[in-house]
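Encoded as structure tokens, the structure appears first; notes follow it.
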Amino acid sequence: MSFTVPDIAWAQLAPVLIVLGAAVVGVLVEALVPRRVRRVVQLTLTLVALAAAVVAVAALWNGVADTGGTEVLGGSLLVDGPTLVLWAITAVLALLAVLVIADRTATGEDAFAPQGAAVPGSGYEEAARAAGLEQTEVYPLVLFATGGMLIFPATGDLLTLFVALEVLSLPLYLLTGLSRRRRLLSQEASMKYFLLGSFASALLLFGIALLYGFSGSLRYAEIAEAVRTVTGMDGLLLAGSLLVLAGLLFKVGAVPFHSWTPDVYQGAPTPITGFMAACTKVAAFGALVRVFYTVVPDLRWDLEPVMWTVAIATMAVGTVVALVQTDVKRVLAYSSIAHAGFVLTGVVALVQSGITAVLFYLLAYGAATVGAFGIVSLVRERGAVRSGAAGAVGAAGAAGAAGARVPALAAAGSSARAGASAGSTADVVGTGAGAGAGAGDGVDRPAVAGADGEEPPVEAEGPILGEATHLSQWAGLGRTNPVLATTFALFLLSFAGIPLTAGFTGKFAVFSAAVEGGAWPLAVVGVLASAAAAFFYVRIIVLMFFTSPHGGPRDDADDEARPGAVVVASQGFAVVAIGACAVLTVLLGVLPGPVLDAVAGVAQLLP
Amino acid sequence: MDVNSLAPLLVAVPLASAAVLLLLGRRSDRWGHWLGLLASTAAFVVGALLLVELLGRPADDRSIDVHLFDWISAGRFDLSAGLLVDPLSLTFVLLVTFVGSLIHLYSVAYMAHDAARRRFFAYLNLFIAAMLILVLADSYLLLFVGWEGVGLASYLLIGFWNHHTPYAVAAKKAFVANRIGDLGLLVALMLMFATFGSVDFASVSAGIDGGLASTATLTATGLMLLLAACGKSAQFPLQSWLGDAMAGPTPVSALIHAATMVTAGVYLIVRSAPVFEGAPTAQLVVTIVGAITLVFGAVVGCAKDDIKKALAASTMSQIGYMVLAAGLGPVGYAFAIFHLVTHGFFKAGMFLGAGSVMHGMDDQTDMRRFGGLRRYMVITWVTFGLGWLAILGVPPFSGFWSKDKIIESAFVVPEGAGEWRAWLFGAVALIGAGITAFYMSRLFFMTFHGTKRWTKDADGHEPHPHESPALMTIPMVVLAIGSVGLGFVLQLGGGFTTWLEPVTGHVEHHEPVLPVVVIQVVTLLAVAVGLVLAWRQYASLPVPETAPEGSALTRAARVDLYQDAVNDAVLVEPGRHLTRSLVYGDRTAVDGTFTGLGRLTVGIGELVRRLQTGYARQYAATMLLGLVVLAVVVLAPRI
């Protein structure tokens, strides 16, 4: 048996090599660079690597646009138009997500556990926190995941597909469990993600085995050929392709493989949620499109009912369940499920314009997602003042920067408690001057006196805690932080698909593709679902702008004790990322032409 | 002077002004309102220049498509954003910017004591820009952008005083009704895209001429467009939001809920004439919806004691006339638009008058607390009175020329239809005119005539009705002049209908089933009866300060003919019960803002949420079960 060394076109691989190479270097940095400068080095390395990947993609663009793409590594990687587009989208979104990840905010603490290995609540954890430790391993982990995401949609054989899936998943499982706050929730999410992810991987692997049994090959092209020629083994073929699709649908978070999404999105550190919601979905849909368009198009009459069922169920479940959520991260999680359904309508269309539409939608959705989760990571709870601990580290400075003051809910005395239960004291008296610098439309709110005309409760500032994710805490944010709330509203409008935002263009593109491909019932369901979805997006906007603080949805008595929200100032990284996402969202809505044309120009998959 | 460079200014100027006002924030508080007024006036000047340009061209060359930029190209779908300047859109442009500018001027004084006046003007400018996009769009997609834009702006304006909870609720209600309408427009968009491969007016029209669409498709498209129109124009069965929307500041009601936005539905129907021409069934439904709404609004108007809500009911009814006319086909298009223009003037004038009355009466809106105001607010009384005569259709005031034409057209037998139609719709339009005379006279007499029924306010001080400042009365006077003379001027020599002919098409004159003179005389008789009845009951007899119990019909009309109750019973309650039976207890996590279908979906949502238990083993089981179901879906056809 002879073994020929494949001719490797290194240049074509550059984006992947840069990212994975930087990840390996990042591991070495952990070992060799002193802790003091480690964060700076890691961050620089990560940002440079991702930026370089974008540049490398740009450098490859013209060549691919001319030739239609090449097979690399003997067909294991297909560097064609859609691959390049997906690489560019993934790298750009990862870059933005890393900026959010890197932001330590005015509190001086990032979103990650100081020492991932410490048992939650233990003395060791407290010591690690006090020592200011940081898990800078986060950056190489993100790079490894990104590397996997780059390979995943580009691969041309099933084995590489599986390897890429693991490369992108394993770091994500870890990252999910590294939240600084609510660590048990985070670790539980990580565990669930790992278990269910393994389950899905197993399904995928089983499907690969069956397809290999059917066709005797792992190459997409050869399997597609076998589908056309081989007869009499339909059972293997159908079961195999169904299992492979199931594995991919798990990653995109489509019903019925979606149940992990809300728990994991909620538990993971918010910047990681943004990264994984945006980039994983891009990669997974890229792979799904390639498999669906090049491997099994001849099975469309068999697989279409499945994909239709999945698409409709995904849109319906995502939209309907989002209506009853009270946690902003879970709302966004279900919204991401619904979006997966919308993208699926474009995938199912099985027409050329479907590819363009899906790619564009992923960019539009990704930009809004990274931005939205970036904002969620800045809206924090402020805890009660502990006696003698009023000067909690960093709290005072942060409050000054954020420009918002929140009265303590439960000071030592009982009078404040009484006031709080009267529902009148917990009133944010912010002026919005800090963030808005007078640019905003913050409505002056009267300071509310104590319930029975006594002295107003003493205003004091507790330490800033984790994210204020309960929707009731977002009430009135538009008055205290108009700029932030307006930006968040922009992302929500884009999710809702309101014209002149990127989301509208994306939705229009996928629904048009679905209609063109004859799947007009899907488009109708999509339109209905997006109309219903508008309710929960607008509900949040109403909450932020038209409701006074603590006038929002309440569950029960426990809501009374929920602290108000305060916006912490970013170090600058997150602001840059959120701003870039907002600009993208508007640009892609108002002037999507150039991007759509560029994508449409290369949206041709290699067979 | 180049149309291509002028037309974009129409949208750009108010939009830029809105952006400046919002971005500069408080720094522009001192002069912001003047900038807003300037922007709106500038847009009017541009519109006037375009009118001159268009009039200088031959009639068949008066449709100019101004290309802006390539907007969306996805696959075979290729759309550029462009503005269509033709007689129809320009008519709207002039109406919106002229009335809009007057209302800006009025608001300068009306909102003088509001700390957020600058923000108010920003929203007004935003609204003007969106409305102009709506009417200038050359494709249904861009029209949809404007459609959503006016929805957003009106949402912001209705809820402007959002510190009052009912106002915010009203804003939400308007939002829900409008979303249902938007849904119709979106589905129509999809249908048109699927059928014609394009959604610009020209291609759709050409596609219909080319026989690309079956009658069934056109009927479906037409009905969806009608649904959209119903949501926006408060037509049956989506009319319930308009009354509540009166919670917004009065100039908003004058601009949005009388002159401009609510008439967008009529515009949509007239603009979609080719679709409706190919779908007689849809056209008939349009007429029926118009007829129902015109009676519905008139009946509700008879029982409302709140001056703004009575005016809102009247608006609903008058738009019913326009929709009815639009449903009659080419015979009615021009008259629908004609009535729309005159109505824009006299109804906006009356809303501003109502605002002036409220201004003088410490924001009182209950007409049973007015009375005898004519001595104290002479200008308001006169201008309002002219508007009142116009809406009654008394010759030679504006309303006579437009409404009478609609009634006459309703009496024309449509081609290929039974004669019963002409009698039915003609009679409805005629009776509607009588009821209109009654409730508008009731409103007028209760407010300005009869005895004083003023009450002290909470602090115990008497109201001191006084005439409003000049900034408020000037717009009222200008609009009153329009109410008097505009109709006559526009109908001179059939001028207005000829002007619109390039869009609405030339129509041969059809004779109504009754001689025109008879129709006119009977109409005037109906009006006179309504007026005299109102005079007897509300001017010569004392008006009780608390509303009498009234007949069953009155009580029903007071609550909008049970519209909310019907909504509740049909949509909300079943949904709520479903929710209750699905989940133990009725602890919904939602803040109760969703009505109707919202409730239903929330109920289902609760059920699904319960499946989200948090146990990984159950999730895995769900996945496996789902996989089995999918496998069955795949394999079932094979077995």
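The values are calculated or read from the model by the stated rules, or taken from the named source; none is laboratory data. If you're wondering where the values come from, they're calculated on a predicted model, not measured in any experiment. All Cβ positions, glycine included, derive from the backbone under ideal geometry; neighbour counts span all protein chains shown. These area figures cover heavy atoms from the full protein model, side chains too; ligands, DNA and RNA do not enter into them. Shrake-Rupley method; radii C 1.70, N 1.55, O 1.52, S 1.80 Å.
Tell me the chymotrypsin sites (Phe, Trp or Tyr not before Pro) within the range B:11-110 that lie in a loop according to DSSP and have at most 14 other beta-carbon atoms within 10 Å.
In loop regions of the range B:11-110 (DSSP not H, G, I, E or B), the sparsely surrounded chymotrypsin sites (Phe, Trp or Tyr not before Pro) are B:TRP31.
For the pair B:VAL52 and A:LEU17, how long in nm is the line joining their label points, each one 7 Å along Cα→Cβ?
Simple spin-label model gives 6.8 nm for this pair.
Compute the signed sum of charges (Lys and Arg +1, Asp and Glu -1) over the other residues within less than 12 Å, Cβ to Cβ, of B:ILE307.
+2
Just to confirm my numbers, what's the Cα centroid distance between the range A:54-85 and the range A:173-214 in Å?
So the two Cα centres are separated by 30 Å.
Using amide H atoms built in the peptide plane, which far-off residues or other-chain residues are under 5 Å from A:ASP157 H to H?
Amide H neighbours of A:ASP157, under 5 Å, 5+ apart: A:TYR220.
At 7 Å along the Cα-to-beta-carbon direction for both B:ALA427 and A:GLU225, put a label point, then send me their distance in nm to one decimal.
Simple spin-label model gives 7.9 nm for this pair.
Suppose R0 equals 45 Å; then what is the FRET efficiency for B:PHE69 and A:VAL119 from their Cβ-Cβ distance, rounded to the nearest 0.05?
0.15
In percent, what relative contact order does the range B:1-102 have, based on Cα pairs under 8 Å that are 6 or more apart in sequence?
31
Report the local net charge at B:VAL633: Lys and Arg +1, Asp and Glu -1, summed over other residues whose C-beta lies under 13 Å from its C-beta.
My count for the surroundings of B:VAL633 gives -1.
Can you tell me the FRET efficiency between A:MET233 and A:LEU28 if r is taken as the Cβ-Cβ distance and R0 is 41 Å, rounded to the nearest 0.05?
0.25
Scan around B:GLY393 for amide H atoms under 5 Å from its own, H built in the peptide plane at 1.01 Å from N, and keep only partners 5 or more places away or cross-chain.
Placed amide hydrogens put B:GLY399, B:PHE400 under 5 Å from B:GLY393.
Return the FRET efficiency for the residue pair B:GLU467, A:SER198: r is the Cβ-Cβ distance, R0 is 60 Å, and the value is rounded to the nearest 0.05.
0.15
Calculate one ³J(HN,Hα) per residue across the range A:22-32 by plugging θ = phi - 60° into the Karplus curve 6.51 cos²θ - 1.76 cosθ + 1.60, and present them in order as whole Hz with x for glycine and proline.
The phi angles translate into 4, 5, 5, 4, x, 4, 5, 4, 4, 7, 10 Hz.
Can you tell me how the range A:307-374 classifies by the Cα gyration tensor, rounded, prolate or oblate, using a/c under 1.5 as the rounded cut?
oblate
Within the range A:244-310, report the chymotrypsin sites (Phe, Trp or Tyr not before Pro) that DSSP leaves as loop and that have at most 15 other Cβ atoms within 10 Å.
Passing both the DSSP loop test and the Cβ count: no residue.
Please give the Cα centre distance for the range B:1-75 versus the range B:293-334, rounded to the nearest Å.
31
Counting other Cβ atoms within 10 Å, keep those with at most 13, restrict to DSSP loop, and tell me which GluC sites (Glu not before Pro) in the range A:108-208 are left.
none
What is the sum of charges around B:ALA429, taking Lys and Arg as +1, Asp and Glu as -1, for the other residues whose C-beta is under 15 Å from the C-beta of B:ALA429?
Summing Lys and Arg as +1 and Asp and Glu as -1 gives +1.
Show me, bin by bin at 5 Å from 0, the whole-percent P(r) of the range B:398-509 based on Cα pairs.
Result, from short to long distances: 2, 9, 10, 13, 15, 14, 10, 8, 6, 5, 4, 2, 1, 0 percent.
Calculate, in nm to one decimal, what B:ARG368 and B:VAL489 gain on full extension: separation in residues at 0.36 nm each, minus their alpha carbon distance.
The span from B:ARG368 to B:VAL489 would gain 39.8 nm if fully extended.
Residue by residue, what Karplus-based ³J(HN,Hα) values in Hz, rounded to whole numbers, does the range B:345-354 have, using 6.51, -1.76 and 1.60 with θ = phi - 60° and x for Gly and Pro?
Coupling constants for the range B:345-354: 6, 6, 6, 4, x, 5, 4, 4, x, 4 Hz.
Could you compute how much accessible area chains B and A hide from each other, both sides summed, with a 1.4 Å probe? Nearest 100 Å² is fine.
6100
For the range A:109-148, which whole-number percentage of the solvent-accessible area (1.4 Å probe, protein heavy atoms only) is attributable to carbon and sulfur atoms?
For the range A:109-148, the apolar C and S fraction of the accessible surface comes to 58 percent.
Please label the shape of the range A:257-395 as rounded, prolate or oblate, based on the square roots a ≥ b ≥ c of the eigenvalues of the alpha-carbon gyration tensor (a/c under 1.5 means rounded; beyond that, a/b larger than b/c means prolate, else oblate).
Since a/c reaches 1.5 and a/b is larger than b/c, the shape of the range A:257-395 is classed as prolate.
With unit charges on the beta carbon (Lys/Arg positive, Asp/Glu negative), name the residue among B:LEU84, B:VAL45, B:TRP71 whose Cα is farthest towards the positive pole of the charge dipole of the range B:22-101.
B:VAL45
Hey, what do the phi angles of the range A:226-240 turn into as Karplus ³J(HN,Hα) couplings, whole Hz, using 6.51/-1.76/1.60 and θ = phi - 60°, x for Gly and Pro?
5, 4, 6, 9, 6, 10, x, 10, 4, x, 4, 4, 5, 4, x
With a ≥ b ≥ c taken as the square roots of the eigenvalues of the C-alpha gyration tensor of the range A:62-122, please select rounded if a/c is under 1.5 and otherwise prolate if a/b is larger than b/c or oblate if it is not?
oblate
Amide H neighbours of B:LEU68 under 5 Å, at least 5 residues apart or on other chains, H built in the peptide plane: list them.
The answer is B:ALA81, B:GLY82, B:LEU83.
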